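The values are calculated or read from the model by the stated rules, or taken from the named source; none is laboratory data. Not measured: the values here are computed from a predicted model. Cβ sites come from the backbone with ideal geometry, for glycine too, and all protein chains shown count toward neighbours. We work out accessible area using only protein heavy atoms, side chains counted, and drop any ligands, DNA or RNA first. Shrake-Rupley method; radii C 1.70, N 1.55, O 1.52, S 1.80 Å.
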Amino acid sequence: MAKILIIDDNPDILAMVRLVLERKGHHDVTVTADSQEGLRLALKGHYDLLIIDVMMPQLSGYEIVRRLRKNHATANTPIIILSARWQPVDRQASEEIGADLHLGKPVNALELLQEVNLLLKQHGGPTQKHRIIAVFSLRGGIGKTTVAVNLALLLQQIAPTTLIDLSPNVGHCATMLGLHPRGDWGLLLGQPTTTITTQRLATLMTSHASGLTLIAAPPHPVQEGELSGEQSERLIATALARTPLVVIDLPAQLSIATMAAIRRSSHLLLLGGHQRPDLQTTIHSIPLLESLQSNIMLVINHPTPAPPLTKEQVEKVVRYPVAAMLPYHASAAMACLHGKPLIEEAPASPLTKGLKYIARLVLH
Amino acid sequence: MVVKRIQPSLITAEFFIGSYRISGSFSVHTRSLGDALYDSTTSYLTLADAYISPIGAPTKITARQRDAVIVKSAISFALTMTKEDALRRDQRYGSYSGPKFKPIYLTLPFFELEGLIRLPGRLDPIVLLSSRTEAYLTLIDVTARLSLQPEITYHGEAALVNKRLVSMMGVQPHA
């Protein structure tokens, strides 16, 4: 089963193609008639294949493909152009902008399905695509960094992953991984955005024994200035160019760099606690975060042994679906202190299982 | 890169009208485009999802109309992806395959066309352009070249050409 996005302002085409790709192809299909919404969804890089109409109000299909090809997360995603035009010049135009196949309308949905499956096969099937997972909470002390570090290690077991510690106040990712960073993103402060290149980033990266790459936070609090939104985006994009998966441990504050990272991410893992102040923070965070990111996964962590709430109880209070509940685990804090992450220290623990569940969620 | 078109009861065709290229879907549920165009009792064709471009910038879409009506007499020529889309009912059986087709060259406003035309044995080519005969010519394996930008070409398995707008014609009966 592949994740497929169809962008076409013709509702008949959307309905017909969706029906066949879902029923006959067993694919997970998302459709939109709004070209700008389609571009926004596609840029996240969630999809294994895109089907795009050419002529749409606001934004043409050609323009969408151009922008997707410039985006690291979608640079290689298979794209089918659906067009009422079939002349060699039209095919050439589709080819020049980077589409993989040009299909003329009206389209027979069953033959389209064959072309979709063929193209997916040529591209290695519904494979692991680029993901940027931002882990965030406006409330400190609820295990945000623990979740980010362990999630990054779990993802590394599936595909090369980079963990970015964006904390301006001495991040702890390196400590939790038992690493002594040879560089950090603080060295980019005050530098032009254009200096953030793959080569430059390589000098700031530290490797973990698992293969996970860390871009550490500065070892001292950042007193003057901070990463700009543009620098933050560039840092993430450059990391994504090296590894298909990027996990960002965001600071517990909505700075410009944090907001840029949230916008740039494909998934925002919003971490909340189960105590009353935690829930209050979560309730007030969600509307603001929804204006920055549509793909929010609310995860409730239990960093203390206090009696947990059920998922239903939390959902009733926060009025938002809870993607996962992470149980309390006594040695989680100790694992951090020893520089041995939880998934290595207690691989069979319920907390590790909960983290594995989140990893599956973000990948599928 | 492969280009394919998959055809149910709607076809897409290219209509060249003055300096415009109009691509649109035409319903062939009851009759072919050829039958509709040759039908002298109607003066227009209705299209769905019509894309409009200048002929000199064929991929630049300047407008799109969900429903469009085009005036038949203004069409210089129409190109279809398959031969069957263009042939009239009476042209479909036997006579439009085989050795009777002769190379033809035509000039039209902005375009020159090359293709094949069915030419019965003793027919004088001049008769083809007679105003007393039908208003269109049916060509197959057609390449249309923009006169002032010959690098821009359009292709179709068939073309329906408006005889009234043909300014020059050359047929090679023995080619």
Across the stretch A:141-185, the tally of residues that are in a helix (DSSP H, G or I) and open to solvent by 20 Å² or more (accessible area, probe 1.4 Å) stands at 6
For the stretch A:304-323, the count of residues that are touching a helix residue (DSSP H, G or I) at 6+ places or on another chain (Cβ under 6 Å) and either among the β-branched types (V, I, T) or over 19 Å from A:L269 (Cα atoms) (or both) equals 3
Looking for something assigned to a loop (DSSP other than H, G, I, E, B) and crowded, with 22+ Cβ neighbours inside 10 Å - is there at least one such residue anywhere in the stretch A:6-24?
yes
For the stretch A:244-293, the count of residues that are open to solvent by less than 20 Å² (accessible area, probe 1.4 Å), out of contact with any helix residue (DSSP H, G or I) (no Cβ under 8 Å at 6 or more places or on another chain) and modelled with pLDDT under 85 equals 1
If you go through A:A93, A:A99, A:A84, the only one that is under 28 Å from A:T243 (Cβ atoms), open to solvent by less than 30 Å² (accessible area, probe 1.4 Å), at the interface with chain B (Cβ under 9 Å from one of its Cβ atoms) and of a type in the set (G, A, S) is A:A99
Being of a type in the set (G, A, S), at pLDDT 85 or above and under 30 Å from B:I55 (Cβ atoms) narrows A:A99, A:A84 down to just A:A99
Taking the stretch B:53-73 and keeping only residues that are at pLDDT 90 or above and open to solvent by less than 30 Å² (accessible area, probe 1.4 Å), one is left with B:S53, B:I55, B:A68, B:I70, B:K72
Restricting attention to the stretch A:186-207, the residues that are assigned to a helix (DSSP H, G or I) and open to solvent by less than 30 Å² (accessible area, probe 1.4 Å) number exactly 5
The condition of being within 30 Å of A:N71 (Cβ to Cβ) and hydrophobic (A, V, I, L, M, F, W, C) holds, among A:V322, A:V299, only for A:V299
Condition set in contact with a strand residue (DSSP E or B) (Cβ under 8 Å, 6 or more places away or on another chain), in contact (Cβ under 8 Å) with a residue 12 or more places away in the chain and among the charged types (D, E, K, R), scope the stretch A:256-298, selection nearest to A:S137 (Cα to Cα): answer is A:D278
Query raised in the report: Is the stretch A:228-247 home to any residue that is within 20 Å of A:T145 (Cβ to Cβ), in contact (Cβ under 8 Å) with a residue 40 or more places away in the chain and more than 19 Å from the chain's Cα centre (by Cα)?
Result: no
A:K44 passes all but one of the listed conditions (1) buried (at least 22 other Cβ atoms within 10 Å of the Cβ); (2) over 23 Å from the mean Cα position of the chain (by Cα); the exception is number (2)
When restricted to A:H130, A:H72, the only residue away from chain B (no Cβ under 14 Å), within 30 Å of A:R23 (Cβ to Cβ), open to solvent by 10 Å² or more (accessible area, probe 1.4 Å) and touching a residue at least 60 places away in the same chain (Cβ under 8 Å) is A:H130
